[in-house]
Amino acid sequence: QVQLVESGGGLVQAGGSLRLSCTASGLSVSNYSMAWFRKEPRKERVFAAAIRWNDGYKYYADSVKGRFTITRDNAKNTVYLEMNSLKVEDTAVYYCAATNRFTPPPMSRYDYWGPGTQVTVSS
């Protein structure tokens, strides 16, 4: 049974940093492209970052590029999202997702999703 569980969310001041974790069971993160999406209140869920399964190539949305870093620890079967220089606009529920499809990660349909973790950035 596949399960993705996010952790590390919380309240942080603008300009601060936070690291999210996504621990997977039932699949190996090395064999799936892994991604982070986020959903702001009253808005649609959008892509934030991904790491490609085969070579670890990383994709970032323009809104987070240069501030967020996605990494993968195969031994821990965990992916991370290091978030720096956080802005109030980054406030959202952050979701971990996995796909084994060949579509480039930012455009792919994701097969597995975590329940999300809340990140709130205060001014």
> Which order do 6, 44 take when ranked by solvent-accessible area (1.4 Å probe, heavy atoms of all protein chains), largest first?
Replying inline: 44, 6
>> Keeping all protein chains in the complex and leaving out DNA, RNA and ligands, what accessible area do you get for residue 59 with a 1.4 Å probe, in Å² to the nearest 10?
In response: 40 Å²
> With every protein chain left in place, what is the accessible area per residue of the chain in square angstrom, probe 1.4 Å?
Replying inline: 53 Å²
> Tell me, what ³J(HN,Hα) does each residue in segment 59-73 have, in order and in whole Hz, if you take phi through Karplus 6.51 cos²θ - 1.76 cosθ + 1.60 with θ = phi - 60° and put x for Gly and Pro?
Replying inline: 10, 9, 5, 4, 5, 10, 4, x, 10, 10, 9, 9, 9, 9, 10
>> I'd like the carbon and sulfur percentage of the solvent accessible area for the chain, probe radius 1.4 Å, heavy atoms only, ligands and nucleic acids excluded.
In response: 47 percent
> Using alpha-carbon pairs under 8 Å, 6+ residues apart, how would you state the relative contact order of the chain in percent?
Replying inline: 35 percent
>> Cross-link candidates for residue 87: which aspartates and glutamates have Cα within less than 19 Å, leaving aside residues fewer than 8 places away along the same chain?
In response: 40, 44, 62
> Which cross-chain or sequence-distant (5 or more) residues have an amide H under 5 Å from the amide H of residue 61, H modelled 1.01 Å from N in plane?
Replying inline: 49
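Can you classify segment 69-123 as rounded, prolate or oblate using the Cα gyration tensor, where a ≥ b ≥ c are the square roots of its eigenvalues, rounded means a/c under 1.5, and otherwise it's prolate if a/b beats b/c and oblate if not?
On the way: a/c = 2.08, a/b = 1.63, b/c = 1.27.
Since a/c reaches 1.5 and a/b is larger than b/c, the shape of segment 69-123 is classed as prolate.
The values are calculated or read from the model by the stated rules, or taken from the named source; none is laboratory data. Just so it is clear, the structure is predicted and the values come from calculations on it, not from any experiment. In case anyone asks, the SASA skips ligands and DNA or RNA and just uses the protein heavy atoms, side chains included. Shrake-Rupley method; radii C 1.70, N 1.55, O 1.52, S 1.80 Å.
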